[in-house]
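See below for the structure under consideration.
The values are calculated or read from the model by the stated rules, or taken from the named source; none is laboratory data. Fair warning: this is a prediction, and the values are worked out from it, not measured in the lab. Here the Cβ positions follow ideal geometry from the backbone for every residue, glycine too, while neighbour counts run over all protein chains shown.
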Amino acid sequence: MKISAIVASSENGWIGKKGKIPWNLKDDLAYFKSVTMGHTLIMGRKTYQSIGMALPGRRMIIVTRQQEFIAEGCLIVNTLREAFALAKSRGEEEVFIAGGSEIYYQTFDLVEKVYMTRVHAVVEADSYFPEVGEPDWILVSEERHSADEEHQYAFTFEVWERRRTSEE
């Protein structure tokens, strides 16, 4: 099972502030939907609560320490190990880590591919994404977009793959 991450990150690596995304990019939301449709998303409770609902067409596994947490239409687990085992038992070929910051950091060494919307802005926030770039990662595609009336910042869709070592 391939483990991928999907994220929108500013030039300085920030991804969120007080549970909110610090920009509004219509095409980024459409990109997120098109990449993740039909797949399983693994995310933390706070990220799920910022979305507020199960996303149609995707299986969502929420990782939380809160034993009583309920999220209609989602699967709830208490550890990332349980999340991966559940996804694997369901025959998933690719799962997407979808945040937040703590979940990204805990899974980063396992991630093989990153779908990143690089927002061309420097913002202040309280959530950060690990650094992706050479020499550990290879940029396999990029698609640039300009700022316009529906996109307050220019941005680039980037796809990164982890560089394989000779031992793998």
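Yes/no matrix, rows are residues, columns are (1) modelled with pLDDT of 95 or more; (2) charged (D, E, K, R); (3) in contact with a Cys (Cβ under 8 Å, 6 or more places away or on another chain):
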position	(1), (2), (3)
SER4	yes, no, no
ASN12	no, no, no
PRO22	no, no, no
LYS26	no, yes, no
SER34	yes, no, no
GLY38	yes, no, no
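Considering region 121-168, and only residues there that are polar (S, T, N, Q), at pLDDT 95 or above and touching a strand residue (DSSP E or B) at 6+ places or on another chain (Cβ under 6 Å), the residue that is nearest to SER9 (Cα to Cα) turns out to be THR156.
Just a yes or no: is a residue in region 44-54 of a type outside the set (A, V, I, L, M), out of contact with any strand residue (DSSP E or B) (no Cβ under 8 Å at 6 or more places or on another chain), under 25 Å from VAL122 (Cβ atoms) and not in a helix (DSSP H, G or I)? No. Looking across ARG45, ARG65, ARG90, ARG59, one residue alone is crowded, with 19+ Cβ neighbours inside 10 Å, of a type in the set (D, E, K, R) and out of contact with any Pro (no Cβ under 6 Å at 6 or more places or on another chain). It is ARG59.
Could you grab me the full set of residues in region 109-137 that are surrounded by fewer than 17 Cβ atoms within 10 Å (Cβ to Cβ) and either of a type in the set (Gly, Ala, Ser) or out of contact with any Ser or Thr (no Cβ under 8 Å at 6 or more places or on another chain) (or both)? Passing the criteria: ASP109, LEU110, ALA121, GLU124, ASP126, PRO130, GLU131, GLY133, GLU134, PRO135, ASP136. Take ARG58 and decide whether it is touching a residue at least 12 places away in the same chain (Cβ under 8 Å) and of a type in the set (D, E, K, R). So ARG58 fits the description; yes. Restricting the first member to region 42-55 and to residues that are farther than 15 Å from VAL95 by Cα, and the second to residues that are modelled with pLDDT of 95 or more and in a helix (DSSP H, G or I), the beta-carbon pairs closer than 8 Å and six or more apart or on different chains are THR47/ILE103. Within region 89-132, the set of residues being among the hydroxyl-bearing types (Ser, Thr, Tyr) and touching a residue at least 12 places away in the same chain (Cβ under 8 Å) comprises SER101, TYR104, TYR105, THR107, TYR115, THR117, SER127, TYR128. Only one entry in ALA85, ALA30 is free of Cβ contacts under 8 Å to residues at least 40 places away in the same chain, exposed (fewer than 13 other Cβ atoms within 10 Å of the Cβ), closer than 30 Å to VAL122 by Cβ and not acidic (Asp, Glu), namely ALA30. Looking at SER127, SER101, just one residue is of a type in the set (Ser, Thr, Tyr) and within 20 Å of PHE155 (Cα to Cα), and that residue is SER127. The set of residues in region 71-118 being within 23 Å of LYS17 (Cα to Cα) and of a type in the set (Ser, Thr, Tyr) consists of SER101, TYR104, TYR105, THR107, TYR115, THR117.
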